[in-house]
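As structure tokens, the structure follows; a few thoughts come after it.
Just so it is clear, none of the values below were taken in a lab; they were calculated from the coordinates. Please read these numbers as outputs of a predicted model, since none were measured by experiment. No Cβ is skipped: glycine too gets one built from the backbone with ideal geometry, and neighbour counts run over all protein chains shown.
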4 protein chains.
Amino acid sequence: MKNKKGFASDNYAGVHPRIMEAIVQSNVGEAPAYGNDIYTQKVREIFKTHFGKNIDLFFVCLGTAANVLGLKAAVKCHQGVVCTDIAHINTDECGAPERWGLKLLPVPHKNGKIRIEEIEPLLSMKGRIHSIQPKVISITQATELGTVYSVKEIREIADFAHAHDMYLHMDGARIANAAVSLGVALKEITHDAGVDILSFGGTKNGMMYGEAVLFFDRTLAQDFNYIVKQGMQLVSKMRFVSVQFEALLKDDLWKKNAQHANKMAKLLADNLKDILEINIINKVEANTVFAVLPKKIIPILQKEFSFYLWDPWTLTVRWMTSFDTNESDVVKFTQLIENSINNSL
Amino acid sequence: MKNKKGFASDNYAGVHPRIMEAIVQSNVGEAPAYGNDIYTQKVREIFKTHFGKNIDLFFVCLGTAANVLGLKAAVKCHQGVVCTDIAHINTDECGAPERWGLKLLPVPHKNGKIRIEEIEPLLSMKGRIHSIQPKVISITQATELGTVYSVKEIREIADFAHAHDMYLHMDGARIANAAVSLGVALKEITHDAGVDILSFGGTKNGMMYGEAVLFFDRTLAQDFNYIVKQGMQLVSKMRFVSVQFEALLKDDLWKKNAQHANKMAKLLADNLKDILEINIINKVEANTVFAVLPKKIIPILQKEFSFYLWDPWTLTVRWMTSFDTNESDVVKFTQLIENSINNSL
Amino acid sequence: MKNKKGFASDNYAGVHPRIMEAIVQSNVGEAPAYGNDIYTQKVREIFKTHFGKNIDLFFVCLGTAANVLGLKAAVKCHQGVVCTDIAHINTDECGAPERWGLKLLPVPHKNGKIRIEEIEPLLSMKGRIHSIQPKVISITQATELGTVYSVKEIREIADFAHAHDMYLHMDGARIANAAVSLGVALKEITHDAGVDILSFGGTKNGMMYGEAVLFFDRTLAQDFNYIVKQGMQLVSKMRFVSVQFEALLKDDLWKKNAQHANKMAKLLADNLKDILEINIINKVEANTVFAVLPKKIIPILQKEFSFYLWDPWTLTVRWMTSFDTNESDVVKFTQLIENSINNSL
Amino acid sequence: MKNKKGFASDNYAGVHPRIMEAIVQSNVGEAPAYGNDIYTQKVREIFKTHFGKNIDLFFVCLGTAANVLGLKAAVKCHQGVVCTDIAHINTDECGAPERWGLKLLPVPHKNGKIRIEEIEPLLSMKGRIHSIQPKVISITQATELGTVYSVKEIREIADFAHAHDMYLHMDGARIANAAVSLGVALKEITHDAGVDILSFGGTKNGMMYGEAVLFFDRTLAQDFNYIVKQGMQLVSKMRFVSVQFEALLKDDLWKKNAQHANKMAKLLADNLKDILEINIINKVEANTVFAVLPKKIIPILQKEFSFYLWDPWTLTVRWMTSFDTNESDVVKFTQLIENSINNSL
């Protein structure tokens, strides 16, 4: 087993040097555990410069936890969460939401996005004693298919949610990629667009570990410290999470990392767009490229570069780029693809 | 708010320099996520040199998770866990075990330890349909009171457990402190003594984050990867946990760290043992000192050094030492105590 | 509020006189609680004459519990249940399965039935750590749309399940209606067709309360008594459930009740089949008729007869018949429909 | 196996004839399911004459469910329930509370009762992030030891609970026995004494099945219908539960049944009080007698009369009486005891 280069996932990347440096520098002496330290105090203020003053902020270890616990804070035991059928919370958490009693109400996506006309029929469940009561709409930004909701699209979903006494939750594991894709500030696609709860991803954008949960509807945050603890996510040496977020949010590092990743995905897609044998599906708006490949060349490529066969039935592969993807690797990969196709003809 | 020095907890400490160095050095290029990397592969072998070849090993973020998920692997939904009334899993996890449906069956402790004669009456629950079925005995090593089970004591509990079709689980958040206190190898107080499941603590002994779950009864490990994922503990960039454990287990660092912490606790206790106004309770066998203090001096001391009032009813305080406790701080603290007492007379 | 006659549900009916008589006659003196009585002992033998000797049998109060607990017995916490999107367990249990950590994996139905080609893609989840592991296929017989699986269809699903290390669960709330529709014995569409776990419904076929859970794969029954208790379903005065089942299974009462209900549904459908303005959808194979009606006449009909508007978007209504539906009521209802349509033209 | 007479439990009894008659008489025609029937409408009013107008009322199948669901309505996921160590919810529900994430906080009892001085230390958990947050005090009336809280005792516990932002829950499986023991109305020991949630038992006082949950703090009842459904307790043919409660509450039947049961327990205890070899422990205030017997005679008695050996370590047995205990059986049992003792001397 050797660690291969590749396009398997943005969590195959390491830690951005400036974030690593921040970790090392904070390793001085003692600090109170569980967030009662000066580093955590400081980063709270930095978050406010990005998301506005009216937020409540919590850190957890992993993205699964950010989503599940954030959602749990918004529902009572008889209330459910509307999401797309391909939502990460529905397909990739091995039942973690259900462990917390969260019933998911999946609806069909279009280009990775949820659509209000698919949610509307669920409203007939409201007040019906046999039905779980829809209480949250959860969207993923950027979506699992690498597409990006516009500010207007989010606003419409938020308005719909609020009009029907529901909350809007955003799984922002790749929100940085979405924000730079749209060219907007983080606040514009969250607080300003009507999001109530946000999972703000760090790990996929250059951190070692650590995700944030932000509540724009602060009434939901009231007991969240206890939920984090019960969720087995209350980090003891929290300063090492806090300083990572500080480094990520300082001097636009979050933006630069995401811009680079997006640019590399765009480059890869552009390089391949004229090859007839390859079909790029889904618009490349963030840091993911989905392509349908000739069956024969997939194993040839995987010998040199790591990536996942997304859907074995349609021969769709997923290529992800990250802050540390090298342009030269994209070029090499492109050439390998071209050669493989030519050889296989 | 300033980060004060003190004796509040061994998780107020930072990261040992050799562990931090290992983290920095592993930050090179890509590595497959979720443990499929060469670092994790390597550390598995290192664990085997300490615990024997017949183990299954998993990493999680936090100690709460190591305990709860390890226990979950051993019980069906109608089975329960016997522990002491002061067990960390009973008092300090904010209901995390119950979130997983684990019913705890607390029995009175003696000096922090569980006693077989307290467990025996619970055997009458076996086969009774209205009763949760006792299936695991969980002990903490070193205990929550800083005492240490001898190898013989563990063996007896393990034999009792196995004789009654139960498992023995060990919360080893501070197992290193226990091992050096007894002067034995890690394998002697775990595998060799009959332990079936072990939470092996890293964070309290110099790591940044990360705990290990070891199964000596490997039938219990079969589905554990899924449980870790559902438990929201499957670390994506796992190499950074693995290299920490590698550094901790290499060149006896785990042992040196624990020895130093224990020595500092001993020193503190010894320094105070002749002060009439102070009553050291519980034998100081690991890195914790419990003392009953005159009420007046507690706030005076807390102005300079952080520590917890363990029991407000009896005026008992808890002082914990760690790998980075300075001998000079112990001396200063001792002098402050002496002066405070003299001034308050 | 007045109790209206109608076609709302087969649980609007009362108790069949012979079942009521059995209840009254068993109310003599004391009987051990929780099933340790002679009545329960006896009914176990009667069940064996219908389902074969190799069964384990348990009683619960309600159908929701029969399904959820029966499924729970078959899955570990990381395993899930495949069912149709309109399965009662998915749409009508208000999150009871998720309360037990059961992740449902809904697939599109066809005429109310599950199809193997919809299940096959889920097999790619097997062994993938991020995915819940499919372990049970749950079908409803008769289906939620009043259609009936043939013995061959069940056999094929069972074979598929077993070939992929899964169990077959049958929600048999209306299994009697299905059996008489097919003209087969209960054993033929359960044990003989490869069903592993059966919810055998009593309430909808003339009982007051009480459902049975049968395990044909008896390894699954091992701890089920405890699960029933934890599921808050262990009836104390169980004799009154047992004698109901005895009466239901004796002298073919279960069959006669179901035959009558099915006949009434058929009659209703036949009476309406020539009315152009009414569209009977779904084949009427059991005791349910689904029809699309002109919007105007629905409230007119509901003034006289109770029934549910099944789908407000398509104006589909559901009419259910039961053992105590009067033929004269069917005739009156038919006439009212005809008149309403004529008047509204 | 033969159904023996005896003193095993008040749920070995059958159904009171007047309750059975009410069931039979309500079996006329159709009635809407799930409580939307005229019988249920009517019994709501009858409950108000006993408990006051400001109540919310729900029915469930079993007492376990009444307790667990009633408690669930009062706690968020990070809040816990204080009860005695011998509380039925702690020892006899096979983990049903924990299935719902309820962490129980057992404290030592005195004569079966909870004491405020045992609860007070738990207040230090309030606001501590690692601790479950105590939110409900649950008491059992009459207690598991057959003793009865006075109105004043309940009032004091309620005041303590409310002063510390907690609710008072009463497990009233045998509240009728307590009320007649005290000679007070049901409202006096519930609503008037400060109880917020009540499980009102029917089965142990002459019903076939069915328990009620009453909320005096009506804010807790808001979502309870959904919780009942999720709890798999929403009875479809609910009229048959409602008419039982109607019969029980009409013409003081609840009182007469309980008075008789209590009288029989008193008679049994009085008959035995002069026998030196028998030690009646706990005051006989309701329908339970606890006695320590000579070891030899226990199996002799159990050959003729059913009862439980409560505590094998102390040779304590429990004898329960019910509405249908015959005075002649008490006399026969007394004589058998006397004879057995004389013979064994």
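When cysteine pairs in chain A are screened for C-beta atoms closer than 4.7 angstrom, the residues that find no partner are A:CYS77, A:CYS83, A:CYS94.
Here the calculated FRET efficiency for D:ARG18 and C:GLN222, from their Cβ-Cβ distance with R0 = 51 Å, stands at 0.75, rounded to the nearest 0.05.
Among the residues of B:206-213, the average count of other protein chain beta-carbon atoms within 10 Å of the residue beta-carbon is 3.
Rounded to two decimals, the Cα radius of gyration of the stretch B:17-251 over 2.2 N^0.38 Å is 0.99. Here the calculated FRET efficiency for C:ASN279 and C:GLU188, from their Cβ-Cβ distance with R0 = 35 Å, stands at 0.55, rounded to the nearest 0.05.
Peptide A:308-315 shows a mean partner chain C-beta count of 1 within 10 Å per residue C-beta. About its Cα centre, the protein assembly as shown has a charge dipole of approximately 0 debye under the convention of +1 per Lys or Arg Cβ and -1 per Asp or Glu Cβ, with nothing else charged. Beta bridges per DSSP, both residues in the stretch A:17-251: antiparallel share near 40 percent. Nearest-5 percent of antiparallel DSSP beta bridges in the protein assembly as shown? Here the share of antiparallel DSSP bridges comes out near 55 percent.
Each label was represented as a point 7 Å from its Cα along the Cα-to-Cβ direction; for D:MET125 and C:ILE46 these points are 4.8 nm apart. Each copy carries a label point for C:GLU118 at 7 Å from Cα toward Cβ; from one copy, the others' points are 1.6, 5.4, 5.5 nm away, ordered from shortest. The Cα trace of the stretch D:108-180 gives Rg and Dmax of 13.0, 44 Å, the first to one decimal, the second as a whole number. Summary of the geometry: the stretch A:228-258 and the stretch C:22-92, compared by the centres of their Cα atoms, lie 51 Å apart.
Note on C:LYS110 and D:ASN111: their simple-model spin labels are 7.2 nm apart, each label 7 Å out from Cα toward Cβ. Shape class for the stretch B:199-345: prolate, because the ratio a/c of the largest to smallest gyration tensor axis (alpha-carbon atoms, square roots of eigenvalues) is 1.5 or more and a/b beats b/c.
Taking label points 7 Å from Cα along the Cα-to-Cβ direction, B:ASP165 and C:GLU156 give a separation of 4.3 nm. Distances, shortest first, from the label point of D:GLU304 to those at the same position in the other copies read 6.8, 7.9, 9.5 nm; the point lies 7 Å along Cα to C-beta. Other protein chain C-beta atoms within 10 Å of residue C-beta, averaged over C:126-138: 4.
Taking the centroid of alpha carbons for each part, the stretch C:295-321 and the stretch B:129-206 are 64 Å apart. Spatially close Lys pairs in the stretch C:215-345, defined by Cα atoms under 22 Å apart and a spacing of eight or more places or different chains, total 21. You can think of it this way: the chain between D:LYS296 and D:ASN271 has 7.0 nm of extra reach, that is 0.36 nm per residue less the Cα-Cα gap. Across identical copies of the chain, C:PRO17 has label-point separations of 2.3, 9.3, 9.5 nm, listed in ascending order, with the point defined 7 angstrom from Cα along Cα→Cβ.
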